[in-house]
Amino acid sequence: MATTAALAVVLAMLAGQRWQLPLRTAGSVSHVPQSLVCFLLVCAGACLWAAGKATRPAETFRSPTAAQLWWVLTAGAAVVSITAALSLAADAGAHLQPTVLLARWLVPFVPAVLAGVLARRDGRGARIRAALGTGAVTLPLFAVGWALYASPAGVALATADVVSMVLLAGAAPFALAVAFVAAERR
């Protein structure tokens with residue numbers, strides 16, 4: 001959890017700089033600046049590395065296949081998180097209110113639950129570790145999206161507003177997913 005929080009803070013601070021934001025044309029994201037793509041890919045790489053170090057899937061899962069599927073799931077979560085961050089940045093560039101908030105709520109929730117399902121036969125500790133590992137990717141990238149939305153080139157939001165959105169729409173559903181995964185079923 002400390003790794004996830006530290007990554008979220010550092011990456012959100014970097015994302016809060018004056019970035020050239022993507023455009024939104026006819027409801028879809030268009031013209032994404034190369035510098036922003038590179039920044040998001042570096043962020044995703046750092047998050048994936050941290051998730052792998054914190055989770056240690058080869059040791060967490062009894063099955064090598066489950067460990068490989070965890071990597072696929074986590075990489076997929078990174079792709080979805082980058083897409084969500086670009087969508088928020090495009091909303092900011094067009095000075096629009098954020099859209100599809102329920103779908104954004106699902107971005108940290110679904111991978112955590114699926115990771116827990118992957119570790120269902122490996123014990124409670126493995127389920128929790130697998131779920132928390134996905135959060136090391138989804139939550140920092142969630143914070144990056146909201147920081148881009150509130151960046152100087154976007155919609156001016158107070159830091160408290162960004163933090164509250166990350167906590168309410170990102171950390172809260174993630175915590176629910178981890179609680180669901182951690183629950184003992186008989």
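Being among the hydrophobic types (A, V, I, L, M, F, W, C) and in contact with a helix residue (DSSP H, G or I) (Cβ under 7 Å, 6 or more places away or on another chain) is the filter here, so list the residues in the range 49-71 that pass it. Across the range 49-71, the qualifying residues are Ala50, Ala51, Ala54, Ala58, Phe61, Ala66, Ala67, Leu69, Trp70, Trp71. Taking the range 140-175 as the range and being touching a Pro at 6+ places or on another chain (Cβ under 7 Å) and aromatic (Phe, Trp, Tyr) as the test, the residues that pass are Phe142, Tyr149, Phe174.
Among the residues of the range 74-92, are any among the hydrophobic types (A, V, I, L, M, F, W, C) and part of a loop (DSSP other than H, G, I, E, B)? No; the residues of the range 74-92 include none that is among the hydrophobic types (A, V, I, L, M, F, W, C) and part of a loop (DSSP other than H, G, I, E, B).
Residues of the range 41-60 that are of a type in the set (Lys, Arg) and either in a helix (DSSP H, G or I) or closer than 24 Å to Ser164 by Cβ (or both): Lys53 alone. With respect to being of a type in the set (Phe, Trp, Tyr), open to solvent by less than 10 Å² (accessible area, probe 1.4 Å), over 14 Å from Pro22 (Cβ atoms) and in a helix (DSSP H, G or I), Trp105 falls outside the description.
Of all the residues in the range 61-73, those that are open to solvent by less than 30 Å² (accessible area, probe 1.4 Å) and either in contact with a strand residue (DSSP E or B) (Cβ under 8 Å, 6 or more places away or on another chain) or not in a helix (DSSP H, G or I) (or both) number 1. Do we have any residue at all in the range 135-154 that's over 29 Å from Gly27 (Cβ atoms) and exposed (fewer than 14 other Cβ atoms within 10 Å of the Cβ)? No, because not a single residue in the range 135-154 is over 29 Å from Gly27 (Cβ atoms) and exposed (fewer than 14 other Cβ atoms within 10 Å of the Cβ).
Determine which member of the set Ala131, Ala147, Ala160 is without any contact (Cβ under 8 Å) to a residue 60 or more places away in the chain and in contact with a Gly (Cβ under 7 Å, 6 or more places away or on another chain).
On the way: Ala147 fails: without any contact (Cβ under 8 Å) to a residue 60 or more places away in the chain; Ala160 fails: in contact with a Gly (Cβ under 7 Å, 6 or more places away or on another chain).
Testing whether each residue is without any contact (Cβ under 8 Å) to a residue 60 or more places away in the chain and in contact with a Gly (Cβ under 7 Å, 6 or more places away or on another chain) leaves just Ala131.
Of all residues in the range 130-186, those satisfying the criterion of being touching a helix residue (DSSP H, G or I) at 6+ places or on another chain (Cβ under 8 Å), closer than 17 Å to Asp91 by Cβ, assigned to a loop (DSSP other than H, G, I, E, B) and not hydroxyl-bearing (Ser, Thr, Tyr) are Ala150, Ala153, Gly154, Val155, Leu157.
In the range 99-110 there is at least one residue that is closer than 19 Å to Leu168 by Cβ, at pLDDT below 95, touching an Asp or Glu at 6+ places or on another chain (Cβ under 7 Å) and not hydrophobic (A, V, I, L, M, F, W, C). Within the range 17-40, restricting attention to residues that are in a loop (DSSP other than H, G, I, E, B), open to solvent by 30 Å² or more (accessible area, probe 1.4 Å) and not aliphatic (A, V, I, L, M), the residue that is modelled with the lowest pLDDT is Gly27.
The values are calculated or read from the model by the stated rules, or taken from the named source; none is laboratory data. Please read these numbers as outputs of a predicted model, since none were measured by experiment. Every residue, glycine as well, gets a Cβ built from its backbone with ideal geometry; the counts of neighbours run over all protein chains shown. Each accessible area value is taken on the protein alone, full model and side chains, heavy atoms only, with ligands, DNA and RNA left out. Shrake-Rupley method; radii C 1.70, N 1.55, O 1.52, S 1.80 Å.
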